[in-house]
1. Given the criteria surrounded by 10 or more Cβ atoms within 10 Å (Cβ to Cβ) and either in contact (Cβ under 8 Å) with a residue 60 or more places away in the chain or assigned to a helix (DSSP H, G or I) (or both), does residue 8 qualify?
2. Part of a helix (DSSP H, G or I) and at pLDDT below 85, is that true of residue 53?
3. Within the set of pairs 6+ apart or on separate chains, which have a first residue in the range 54-82 that is loosely packed, with under 11 Cβ neighbours inside 10 Å, a second that is among the β-branched types (Val, Ile, Thr), and C-beta atoms under 6 Å apart?
4. Looking only at the range 31-53, filter to residues that are within 17 Å of residue 70 (Cβ to Cβ) and of a type in the set (Val, Ile, Thr); which one of those is surrounded by the fewest Cβ atoms within 10 Å (Cβ to Cβ)?
Amino acid sequence: MLQRRQVLLAKMTTQREQLVELSLCWQPAIKVIDQTQLVLRFVRRHPVLITGLSGIIILQRQGVTGLLKRGWQIWKIYRFVSKLSYNLTQKL
């Protein structure tokens, strides 16, 4: 019984060391995923800020007409997606 316990403890120690090695390999990928999640959470919580900054960037690059064109394109896309989602939900 004591010998089996020692074998199990040794096996647990080996597995624990392997787990540490694996976690070190995955750490950079997990860090990127965490940062991406933080950015997405910020964007979801501050849509007006993101929209305003996007407008300023477009305004600086393309002027007022560029801003109006982009706004019109976004509006048309929004209307299309809204109608499409409405039609799809009505068919269900």
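The values are calculated or read from the model by the stated rules, or taken from the named source; none is laboratory data. The structure displayed is predicted, hence computed values, not measured ones. Every residue, glycine among them, receives a Cβ derived from its backbone with ideal geometry; neighbour counts consider all protein chains shown.
1. yes
2. yes
3. Correct list of pairs: empty, since none qualify.
4. Taking the candidates together, the pick is 48.
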